[in-house]
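Since the structure comes first, as structure tokens, the remarks are kept for the end.
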Amino acid sequence: MKSVLVVDDSSTTRSLITSMLEDIGGIDVFEASSGFEALKILPRRPFDLVVTDINMPDINGFELVSFVKNNEKYKNIPVIFISTERNEGEINKGMSLGAFAYITKPFNTEEFHGIVKKALSL
Amino acid sequence: MKTSKKDFIVEAEEIIESVNNSLLDLQGGFNPETLNSVFRGIHTLKGLSGLFGLKGITDLSHTLESLLDDLRLGRLELTDDVINFVFSNIDILKNIISQVSEEKQVDDVSDTIKEIESFRKASDTKSKEISLEGFGISPSILNVLSNYEEHRLKTNIKEGNGLYLIKAIFNLTEFAPGLEALNSNLKNLGELIATLPISEGISEGSIGFKLLLGSPMNTDDIKSKVGTADVEVISQLKKAAESKPSPLTSRPREVSLKSSTNTVRVDIEKLDTILDTVSELVLAKGAVIRIGQELAESVGFISLTLDVHKISQTLDRKLAELQEYLLDLRMVPFSQIFTRLVQVIRRYSREAGKEIDIEIYGEDTKIDKQLAEEIIDPLIHLIRNAVDHGIEPKDKRLMLGKKERGTVTLKAFPEGNKVVIMVQDDGAGLDTDKILRKAIERQMVPENQMLERKEIFDLIFVPGLSTKTEASEVSGRGVGMDIVKEKITSLGGFVDIESEPGKGTTFNLTLPITLAIIKALIIQVASDRFAVPLTSVAETFFVEREKIQTIEGREVIERRGEMLPLLRVADVFKLKESPTDDYFAVVIGFGSRRIGLLVDNLLDQTEVVIRPIGECLKNIRGLGGAAEIGRHEIVLVLDVENMMEEAFTRKKVNRAALDA
């Protein structure tokens, strides 16, 4: 069983991503509605993947991922950004923080499944 | 898939509502955080609708998002016109969402999108961006800032604010309360630009945060305000930037933020805490006065008595001053409320297709900030009614010989220690026949009951009575007049209606100027004492038993040539009346809605802090709270509005039907 943390401030987007992940099978999904909540959930179990939005109040996705990638305990967890922002600069910013992938919304299920499976080495 | 379109509709509607509220707030004054929350709402809606393949919503919210992005990044100035434009497009978005929800054909949005795009182009005032290089901000910070955070950082630099990096370490499992406290502290010092979680150099079980703050305060002030947290100065405050504004800082909306150098914004909750403390002190002062009196009674006026007397006088005066200052700090002018209401009127009149002039009086009248926030919704409701049901359509007005455009008048004026807010329209007036018919139909009033005009007006406040059979787009949103009245009553106020057929309707809301400490009259009924808010008392007078008359089953007394209805407080609470021959009448209410409360004795006038009453007494009619008076004695506070209702509806309206 793999553990995945989904971070997004929209509850509908969260549950949509969750159900897409659960469709893959063998994945335990945890949801956080903000960067703060993600920081609280992260230490609770060894996560295999973090899927996060970028534009969120308080702590944005970049700030969260920078924290993850600079932390000895978490730095090997792959991170996937999901954002509506298609701007080249933003994508580069995300990737240079060490993200595994940057998916722009809207996206199709197959594309998403493919990237997730690769990140989880399934 | 478990996530359905229904979830989308629910969240989309929530977003629209919160965006509309934020836009209303922005009309009251610019705030970058509020503007950003509008952007974020539309941004989320775009992403969300994309995931559900709702192209119309995605495209429209995408275009709107670009406009909002221009606004929040300062490329475009936020004026009232822009806000109205955004409002109208949010309405279109809202319409499409309901079309999706009703599974109807969705409107074509391509024209709307073109309109937004040309609006963006027409008002393009792109300002020169400044570079963040050379400010010594570490790349580890710059690399994680969102566009918006970057823009706010630049704005703070442009304004000559100091940049500070505050580092704080918290326990990993319990960091939220500590961080929130620090954040709200920092928000009082300036703008919290970004929050960055860090783990380097932090021990296990802990988490660190770097908080980027832009502030017009100097380093020493910041350091003294943040307690134990570590402050790193990125760039010093540049006072010079303030005296000679560069061309970059000439945007008026942002310059206004700069003026806060010798102004501190304070959370109203903090003021409340201070007021609470002062209230406790007022009680203590009461005790000191009482001790002085007791001392005088027991040992006479020895020098100790005089000292106590003197000190209690000083306390009395100084506390009164302190209270006055504090209350004044909470006051805001009505212009703040009125600007928001004017926008609401414009919006609703546009939606209803009616042309309406707005007249405003008394914008300088002041009201407690908290009260101002509380009465905004009831006022919006009254305005909706005026626009929708009050003002007639243009052709009908012309036919009636009225001027083509309707008028809505908003007026605020102080009246003693109360404030009156008037919402007036020159429309059709209340239809008393229709209201009465409805009330009889719904068994709220027995048939063949003769009611006075005023009493019929008051029926519109009864839950479940709506005169409009079909809910209209503008006002049929489920908030009834009963909610309006409930709200005003809960704030210690009254609603009074005047209406003339063909001429219009006026709602007068009378409210206390502030919610905090009130003066109360302590009365005695049988062996019990009660407090009556002095703001509600018009006068008191002595009543001889034989002067009381009975007309139509009601007790009344002649007062200055008019009949004043009486209500025995003892009857209301089923208390045993003392076998006294004479009473006092405490007159409450205004104008034609006045009654005299019959009480056994008037005891004292004192300052009290009204506290809510416990669950067990909550459902007793006529009680508004409890208050402590000297000697730790608790008295119950009469709910004056409720008492009046009791008096006016007692005999005539079928109580049982109302309560059912």
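The values are calculated or read from the model by the stated rules, or taken from the named source; none is laboratory data. Being a predicted model, the structure only gives us computed values, none of them experimental. In this analysis, Cβ positions are derived from the backbone assuming ideal geometry, glycine residues included, and neighbour counts consider all displayed protein chains.
Quick rundown of the values:
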| read-out | value |
| --- | --- |
| Options B:ILE90, B:ILE97; residue that is within 14 Å of another protein chain (Cβ to nearest Cβ) and over 26 Å from B:LEU192 (Cβ atoms) | B:ILE97 |
| Single residue of B:ASP70, B:ASP81 found to be over 30 Å from the mean Cα position of the chain (by Cα), over 23 Å from B:LYS6 (Cα atoms) and either within 13 Å of another protein chain (Cβ to nearest Cβ) or not in a loop (DSSP other than H, G, I, E, B) (or both) | B:ASP70 |
| Where B:THR79 falls short, out of the listed (1) modelled with pLDDT of 90 or more; (2) surrounded by fewer than 16 Cβ atoms within 10 Å (Cβ to Cβ); (3) β-branched (Val, Ile, Thr) | (1) |
| Segments classed as helices (runs of 4 or more DSSP H), wholly inside the range B:288-403, with at least 3 members that are of a type in the set (Lys, Arg) and over 30 Å from B:ASP276 (Cβ atoms) | B:335-352, B:394-399 |
| Contacts under 6 angstrom Cβ, first residue in the range B:28-52 being in contact (Cβ under 8 Å) with a residue 12 or more places away in the chain and within 12 Å of chain A (Cβ to nearest Cβ), partner basic (Lys, Arg) and not in a helix (DSSP H, G or I), 6 or more apart | none |
| Which listed residue is within 30 Å of B:ASP272 (Cα to Cα) and hydrophobic (A, V, I, L, M, F, W, C), from B:ILE367, B:ILE345, B:ILE360 | B:ILE367 |
| Top-ranked residue in the range B:86-103 [being free of Cβ contacts under 8 Å to residues at least 60 places away in the same chain, in contact with a helix residue (DSSP H, G or I) (Cβ under 7 Å, 6 or more places away or on another chain) and farther than 14 Å from B:VAL38 by Cβ; ranked as surrounded by the most Cβ atoms within 10 Å (Cβ to Cβ)] | B:ILE96 |
| The one condition in (1) closer than 18 Å to B:GLY227 by Cα; (2) within 12 Å of chain A (Cβ to nearest Cβ) that B:MET217 fails to fulfil | (2) |
| Count - residues of the range B:7-24 that are free of Cβ contacts under 8 Å to residues at least 24 places away in the same chain and not β-branched (Val, Ile, Thr) | 6 |
| Residue among A:GLU85, A:GLU72, A:GLU63 that alone is of a type in the set (Asp, Glu) and surrounded by fewer than 18 Cβ atoms within 10 Å (Cβ to Cβ) | A:GLU72 |
| Criterion (modelled with pLDDT of 90 or more, within 21 Å of B:ILE193 (Cα to Cα) and of a type in the set (S, T, N, Q)) met by exactly one of A:SER66, A:SER121 | A:SER66 |
| Selection status of B:GLU200, over 20 Å from A:VAL65 (Cα atoms) and within 10 Å of chain A (Cβ to nearest Cβ) | no |
| Qualifying residue in the range B:14-22 (condition: within 13 Å of chain A (Cβ to nearest Cβ) and farther than 23 Å from B:TYR148 by Cβ) | no |
| Considering residues of the range B:135-153 that are more than 10 Å from chain A (Cβ to nearest Cβ) and crowded, with 22+ Cβ neighbours inside 10 Å only, the residue nearest to the chain's Cα centre (by Cα) | B:ARG152 |
| The range B:565-593, subset part of a strand (DSSP E or B) and at pLDDT below 85, residue surrounded by the most Cβ atoms within 10 Å (Cβ to Cβ) | B:GLY589 |
| Enumerated helices (runs of 4 or more DSSP H) restricted to the range A:1-112, each holding at least 3 residues that are at the interface with chain B (Cβ under 7 Å from one of its Cβ atoms) and on the phi < 0 side of the Ramachandran plot | A:11-24, A:61-69 |
| From B:ALA531, B:ALA516, B:ALA520, residue being surrounded by 15 or more Cβ atoms within 10 Å (Cβ to Cβ), under 30 Å from B:GLU374 (Cα atoms) and at pLDDT 90 or above | B:ALA531 |
| Of residues in the range B:154-167 being surrounded by 20 or more Cβ atoms within 10 Å (Cβ to Cβ) and assigned to a strand (DSSP E or B), the one nearest to the other protein chains (Cβ to nearest Cβ) | B:ILE166 |
| Failed criterion for B:ARG40 (all others in (1) touching a Leu at 6+ places or on another chain (Cβ under 8 Å); (2) under 21 Å from A:SER10 (Cβ atoms); (3) not β-branched (Val, Ile, Thr) hold) | (1) |
